[in-house]
Amino acid sequence: MKLASIKSGRDGALYVVNSSLTKMASAADIAATMQAALDDWETVEPQLEARFNELESGTLAGEIFEQSACASPLPRAFQWADGSAYVNHVELVRRARNAEMPATFWTEPLMYQGGSDSFLAPRDPILMPQSDGFGIDFEAEVAVITGDVPMGVGSDDALKYINLVMIVNDVSLRGLIPGELAKGFGFFQSKPSSAFSPVCVTPSELGDAWQGGKLHLPLSSKYNNELFGKPEAGVDMTFHFGQLVAHAAKTRPLAAGTVIGSGTVSNKLNDGPGKPVTEGGVGYSCIAEIRMIETIENGKPSTPFMDFGDNIQIEMFAADGQSIFGQINQDVVQA
């Protein structure tokens, strides 16, 4: 089943979308918004699934689905916590700074609590007051939306509380991160609003691609219309989503509608840093990663961060070439 929030008010209007992303049908009589559906998921999910099947079979004609009309599946959420499940990415960050990699990074996930009050729509511009010194970067990730998760849940049991899956552009301001982290109190200004895919899907919709709490498909990033990365999301993921959800719920319950991110999708190559797509590699899911590799290999980075007018497109395709979540497509624009 695929769901979307069509722009309407603060929280969007809930629609069911067919597998090919061509038709949609209102779910207003079942649940007005995505959050309302998540709040009563056990009752609502079978009804939404039935409507999806009607739309899929053609029994229900539906309306034309336009991705540009979508807000993020949750236009705002009670909680957005982003992990760093691809430790290869973290390791490169540490190596570029000549910093030692703590052993606990391989046994316990990193996670920060981001702002969730103003998610961007998947086609909204990334508005910034300036580009110079901000180090504007995209981060292509996978994310899940949970139901109500009890405190202290185990990592395997946590998987059953994952209701929906989507992709995300977790925008980062790399130039502001070092100063904020140096204060010892975490991210804030360096993590502006993120954008999520036009559509989110149930794990069952992903078929064999969803295994062991991981999404085993490549995540494509096109930067200024050139393929920048296509790393496999199910490879080199040190912590699966059950572990990430359990980590977030260790000392508190999670409310329905909690969004948990995977962190930047990152692959190794022969146990070392990956290579650019132009050199036969799978590339990268953020600019920072190639800059880290340039620093490790050449002593300094040469790839610039994003500037006004730059464009990023993030998408994931099934084995048959069908777009699963629709496309995040954003320009960087001066506010």
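Tabulated data
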| read-out | value |
| --- | --- |
| In the chain, lysine pairs with alpha-carbon atoms under 15 angstrom apart (chain gap of 8 or more, or interchain) | 5 |
| By accessible area with a 1.4 Å probe, ligands and nucleic acids excluded, highest first: order of 204, 20 | 204, 20 |
| Whole-number accessible area per residue in Å² for the chain, which is evaluated in the context of all protein chains at 1.4 Å | 43 Å² |
| Binned Cα-Cα distance frequencies in region 86-130 - 5 Å width, integer % | 5, 15, 16, 15, 11, 16, 15, 7 |
| Most to least packed among 261-269, 300-308 [average Cβ atoms within 10 Å] | 261-269, 300-308 |
| Carbon + sulfur, % of accessible area of region 25-84 - ligands and nucleic acids excluded, 1.4 Å | 49 percent |
| ³J(HN,Hα) computed for each position of region 59-65 - Karplus, 6.51 cos²θ - 1.76 cosθ + 1.60, integer Hz, glycine/proline x | 4, 10, 5, x, 10, 5, 8 |
| Accessible surface of region 196-335 [probe 1.4 Å, protein heavy atoms]: carbon and sulfur percent | 47 percent |
| Table column - 3J(HN,Hα) (Hz), region 323-331, Karplus curve with 6.51, -1.76, 1.60, x for Gly and Pro | 5, 8, 10, x, 10, 7, 9, 10, 9 |
| Paramagnetic reach from residue 99 (point 7 Å along Cα→Cβ, amide N under 18 Å) across region 232-275 | 263-264 |
| Label-to-label distance, nm, for residues given as residue 130 and residue 318 (7 Å Cα→Cβ offset) | 4.8 nm |
| Dimensionless Rg ratio for region 67-175, taking C-alpha atoms and the 2.2 N^0.38 Å reference | 1.25 |
| Accessible surface of region 136-191, 1.4 Å probe, proportion on carbon and sulfur as whole % | 57 percent |
| Cut-off 18 Å (backbone N to label point 7 Å along Cα→Cβ of residue 117), residues of region 255-286 | 258-259 |
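The values are calculated or read from the model by the stated rules, or taken from the named source; none is laboratory data. Values in this document were obtained by computation on a predicted structure and should not be read as measured data. Neighbour counts are summed over all protein chains in view; Cβ atoms, including those assigned to glycine, are modelled from backbone coordinates with ideal geometry. Calculation scope for accessible area: heavy atoms of the full protein, side chains included, ligands and nucleic acids excluded. Shrake-Rupley method; radii C 1.70, N 1.55, O 1.52, S 1.80 Å.
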